[in-house]
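**Q** Would you mind keeping the following structure in view while I ask a few things?
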Amino acid sequence: MHEWALAEAVVSTALKVAKEEKLSEITKIEIKMGELQQIDLEAFEFALKEIIKPENLLLRNAEIEFNTEKAVLKCRVCGYRWAFDDAAQKLSEQESESIHFIPETAHVYLKCPKCESPDFEIEKGRGVWIESVEGG
Amino acid sequence: MDPRVEIIDERLKNIDRVIAVSGGKGGIGKSVIASTVALSLAKRGHKVGLLDLDFTSPSTHVILGIDDIFPEEEKGIVPPEIYGIKFMSIVYYTGDGPSPLRGLDISNAMIELLAITRWGNLDFLIVDSPPGIGDATLDTVRLMKKTEFLVVTTPSRVALATVKKVLTMLKELKSPIIGIVENMKITRSSLVQEELEMFNVPFLAEIDFDRKLENTLGDVNRLLQTNFARSIANKVIPQLTKPVSAAI
């Protein structure tokens with residue numbers, strides 16, 4: 001699963017922060033997920049649990065908080081804004097899967113609902129961010 | 001902070017050398033050279049990957065005649081192997097549709113692809129760079145820190161003007177440059193070699209314009225029998241397979 005690769009990235013980054021901040025334990029990691037990534041949170045949490053082994057003293061008690069940011073798209077031609085989840089319902093399984101792997105492929109499969117231009121920007125809701133790593 | 005950026009070094013750690021075929025101008029043969037270099041290295045028994053970073057106009061799949069393979073999903077995505085090459089391109093996810101991506105989208109797509117692709121152990125990862133010296137080249141330097149550049153030009157003064165900018169920029173970025181390949185030669189002019197001498201970069205090869213090349217694209221066996229492929233094999237590959245300290 002592709003969620004595994006992202007979970008590895010989160011753990012690796014949190015450990016790097018802990019090293020830089022000289023933390024002996026990480027108590028909380030706050031993650032922001034863009035809706036466009038269409039992450040399966042169950043699969044992501046499963047991967048995190050598998051990657052964070054109980055013997056990992058730094059991370060074993062870490063609380064992981066997920067916040068999903070809704071994806072908002074804005075047409076560069078007519079200025080119309082729309083929500084990705086409205087458009088997502090019209091995507092085929094294959095198109096949706098492509099956006100899941102490489103969110104920028106949304107530019108291939110989506111168009112402005114108002115003027116049909118493919119030239120739009122992803123204003124919000126893409127990428128994966130670690131908002132904070134807390135510990136002591 | 002973006003955890004995807006942080007994991008990229010880890011994803012590339014078992015790759016001995018990352019070589020980006022670059023050159024600034026479009027239509028100078030970067031993709032055909034990248035594909036043929038990858039094929040030639042694989043034929044010599046090296047473990048090779050080929051990454052098409054031209055997200056808006058990917059073409060290495062056309063050159064290699066690839067149309068019915070797809071990456072496996074296994075703790076990320078695993079590039080399928082064909083002709084001895086682990087092949088990765090955005091085309092798996094875009095199909096034949098146009099992908100009108102702007103700069104930030106290109107950066108994000110590249111970060112995503114590099115963060116989730118599991119190459120495994122490779123001797124060489126050959127990167128086909130898009131035209132231009134913008135986002136993709138800058139991000140190649142930023143995100144794939146061990147990248148060395150193989151710079152392509154043609155005898156055209158138009159290509160030459162741009163390749164000078166590429167070489168200047170790569171030097172400013174302190175990126176290793178393996179050398180220059182002058183592609184599509186139609187006369188014995190040494191203009192390009194003379195003009196680029198000031199950069200103090202090895203001039204690796206002159207490759208003659210091969211009229212028969214176009215008709216072999218899409219058919220790897222025929223492609224490898226062209227004079228073009230023989231020139232790559234005889235003039236460029238030895239420069240890539242000699243010890244790193246001697247190559248740079």
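The values are calculated or read from the model by the stated rules, or taken from the named source; none is laboratory data. Note that this is a predicted model, so its numbers are computed, not measured. Note: ideal-geometry Cβ built from the backbone for every residue, glycine included; neighbour counts use all protein chains shown. Remember, those area values only see protein heavy atoms, side chains included, never the ligands or the DNA or RNA. Shrake-Rupley method; radii C 1.70, N 1.55, O 1.52, S 1.80 Å.
**Q** Report, by residue number, each residue of segment B:76-91 that is over 18 Å from the mean Cα position of the chain (by Cα) and under 15 Å from residue A:103 (Cβ atoms).
**A** Across segment B:76-91, the qualifying residue is only B:77.
**Q** Pull up segment A:95-104, narrow it to residues that are of a type outside the set (Val, Ile, Thr) and closer than 15 Å to residue B:90 by Cβ, then point me to the one that is surrounded by the most Cβ atoms within 10 Å (Cβ to Cβ).
**A** Going residue by residue through segment A:95-104, those that are of a type outside the set (Val, Ile, Thr) are A:95-98, A:100-101, A:103-104.
Add one more test, that the residue is closer than 15 Å to residue B:90 by Cβ, and what stays is A:95, A:97-98, A:100-101, A:103-104.
Working: A:95: 19, A:97: 15, A:98: 23, A:100: 17, A:101: 20, A:103: 25, A:104: 28.
The selected residue is A:104.
**Q** In segment B:2-51, what residues are open to solvent by 10 Å² or more (accessible area, probe 1.4 Å) and among the hydrophobic types (A, V, I, L, M, F, W, C)?
**A** Listed by number, the residues that qualify are B:5, B:32, B:42.
**Q** Considering segment A:17-69 alone, what residues qualify as being in contact (Cβ under 8 Å) with a residue 60 or more places away in the chain, more than 14 Å from every other protein chain (Cβ to nearest Cβ) and not hydrophobic (A, V, I, L, M, F, W, C)?
**A** Correct list: A:24, A:25, A:27, A:28, A:35, A:67.
**Q** Within segment A:1-16, how many residues turn out to be without any contact (Cβ under 8 Å) to a residue 40 or more places away in the chain and open to solvent by 10 Å² or more (accessible area, probe 1.4 Å)?
**A** The first filter runs over segment A:1-16 and keeps only residues without any contact (Cβ under 8 Å) to a residue 40 or more places away in the chain, leaving A:5, A:12, A:16.
Filter once more, keeping what is open to solvent by 10 Å² or more (accessible area, probe 1.4 Å): A:12, A:16.
Qualifying residue count for the region: 2.
**Q** Kindly indicate whether residue B:79 is at pLDDT below 95, away from every other protein chain (no Cβ under 12 Å) and open to solvent by less than 20 Å² (accessible area, probe 1.4 Å).
**A** Details: at pLDDT below 95: no; away from every other protein chain (no Cβ under 12 Å): yes; open to solvent by less than 20 Å² (accessible area, probe 1.4 Å): yes.
Considered against the rule, which asks whether it is at pLDDT below 95, away from every other protein chain (no Cβ under 12 Å) and open to solvent by less than 20 Å² (accessible area, probe 1.4 Å), residue B:79 comes out as no.
**Q** Condition check: closer than 21 Å to residue A:103 by Cα and either within 13 Å of chain A (Cβ to nearest Cβ) or in contact (Cβ under 8 Å) with a residue 40 or more places away in the chain (or both). Does residue B:2 satisfy that? If you could, list the steps in order and put the result at the bottom.
**A** Working: closer than 21 Å to residue A:103 by Cα: yes; either within 13 Å of chain A (Cβ to nearest Cβ) or in contact (Cβ under 8 Å) with a residue 40 or more places away in the chain (or both): yes.
Against the criterion (closer than 21 Å to residue A:103 by Cα and either within 13 Å of chain A (Cβ to nearest Cβ) or in contact (Cβ under 8 Å) with a residue 40 or more places away in the chain (or both)), residue B:2 qualifies.
**Q** Sort through B:165, B:146 and tell me the only one that's among the basic types (Lys, Arg), away from chain A (no Cβ under 14 Å), within 30 Å of residue B:73 (Cα to Cα) and surrounded by fewer than 21 Cβ atoms within 10 Å (Cβ to Cβ).
**A** Working: B:165 fails: within 30 Å of residue B:73 (Cα to Cα).
Only one candidate passes the filter, namely B:146.
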